[in-house]
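What follows is a set of notes on a single structure, which appears directly below.
Quick note: the coordinates plus some simple rules give every number you see, no bench work behind them. Please read these numbers as outputs of a predicted model, since none were measured by experiment. Neighbour counts are summed over all protein chains in view; Cβ atoms, including those assigned to glycine, are modelled from backbone coordinates with ideal geometry.
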Amino acid sequence: MSTGFDRDPDEFSRGARAVVVYPDMGGSTRDPEARLEETAGLALAIGVEVVERVALRIRAPKPGTLIGSGQVEALAETVRDREIGLAVFDAALSPVQQRNLETALGCKVIDRTGLILEIFGERARTAEGRLQVELAHLDYQAGRLVRSWTHLERQRGGFGFLGGPGETQIEADRRLIRDRMARLRRELEQVSRTRGLHRDRRQRAPWPIIALVGYTNAGKSTLFNRLTGADVMAENLLFATLDPTLRQISLPGIDKAILSDTVGFVSELPTQLVAAFKATLEEVIAADLLVHVRDIAHPDSQAQRDDVETVLKEIGVDPETPRFEAWNKLDLLDDERRAEAIEEAGRREDVVLLSALSGEGVELLVERVAARLTEGHRRYRVALDTSDGAGAAWLHQHGEVIDHWIEGDRALYEVRMAPKDHERFEVRGA
């Protein structure tokens, strides 16, 4: 049987057999089995076959191999017996630890950061997304032995963690890495400026921006599709969405709003990716309201929530930004857990229970979001010439027209809108 890994760790093929290793060092709020399941899902996302999952209790990390010598020997035996070609460590490995483990186990070894970067390298579709991933990859590889530079030339697929056509440069040229990273940063700064111009234009409109955020595979894209009628990729797959998607929607009392679907977060998201994806996540920073989509059926749902809040803080989201928690996947709860969730959500105004898949609860979320965005709106009576179609359209677009009637050559409107919008209406054309 072929393992996809015979001699050279760089001559690695997708579809190879893999073992997922979770070094449990204590102090984590996460369930080890759930963590193994998540990492196996990440590995599946890059097309490898997970044939073994191992949780190892670590009393004190070993500088050379992270895990103990006895654990290394037992793992090496598993690799040999199961004909395994890849060991995925759900931890951050130093370059020395990675190299020593590859030697001891006789198979390719990647850590959590490398795994996530590989997924992002495959999934990014826009030019911006690929720039961000390549920058993150180079930053990660700068302190490691660079096995292959083929990622600089490839148009599709990942970025070389799992091999490629072979070694193209034996020794890494660090100056070339720095130069490449500098050029990528300049290009991303231009992207950021362009996004800023687009965002300024939207804010002058102004249309409220609603950003969907959440842990990867929480159901953001499914909810996005249901709210917008779009066909964004929505699969039971970690990191199904990388590139941001914006769509226009209408809400009660709001003629036009912008809904943004963003990359899913994950625990221990590599710092390189947080930095590289800052331009994309600026849509979240500038949002008027956040909808935090949670997989309420997941055993680590609370820990996932904490991870998302940590990333939001890292990227500079104002803690005062209004937000809702959309407790998704209600359809996966049994009767007892469903009753408990309903009771808990009933005590909180910032929580809506729903199933993005079936549509249950989605209408309530829309009502809650609209109500929050229109808080502070006041009722005004506005008089227009009956021929002022543009003025009437403006009122419908920026406020909620409650009633209107004609008196002589004047059209009277009873409208609810934000005071700032009423001020803008009063000075329009001035």
### Query
What is the fewest-to-most order of L212, L269 by other Cβ atoms lying within 10 Å of their Cβ?
L269, L212
### Query
Among H137, H396, which comes first, second and so on when ranked by fewest other beta-carbon atoms within 10 Å?
H396, H137
### Message
Cut-off under 17 Å on the C-alpha distance; same-chain residues fewer than 8 positions from K420 excluded. Which lysines are left, in chain and number order?
### Response
K256
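Magnitude of the Cβ-charge dipole of segment 17-116, K/R +1 and D/E -1, about the Cα centre, nearest 20 debye? Let's see the in-between values first.
Details: 12 positive and 14 negative charges, 60 e Å.
About 280 debye.
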### Query
Hey, fewest Cβ within 10 Å first, where do H398, H422 land in order?
H422, H398
### Task
Place the peptides 80-89, 403-412, 327-336 in order of packing, highest mean first, counting for every residue the other Cβ atoms within 10 Å and averaging per peptide.
80-89, 327-336, 403-412
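How would you order 176-189, 213-226 from highest to lowest mean count of nearby Cβ atoms within 10 Å? Can you show the working numbers first?
Details: 176-189: 14.2, 213-226: 24.4.
Peptide ranking by packing, descending: 213-226, 176-189.
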### Query
Between E360 and residues 5 or more places away or on another chain, which pairs have amide H atoms under 5 Å apart, with H built 1.01 Å from N, and which residues are they?
S355
### Summary
Listed by chain and number, the residues whose amide H is under 5 Å from that of D24, excluding neighbours fewer than 5 places away on the same chain and using placed H, are L56, R57, I58
### Centroid-to-centroid separation of segment 341-419 and segment 58-85 [C-alpha atoms, Å]
60 Å
### Query
Over the Cα atoms of segment 378-426, Rg to Rh with Kirkwood Rh, two decimal places?
0.93
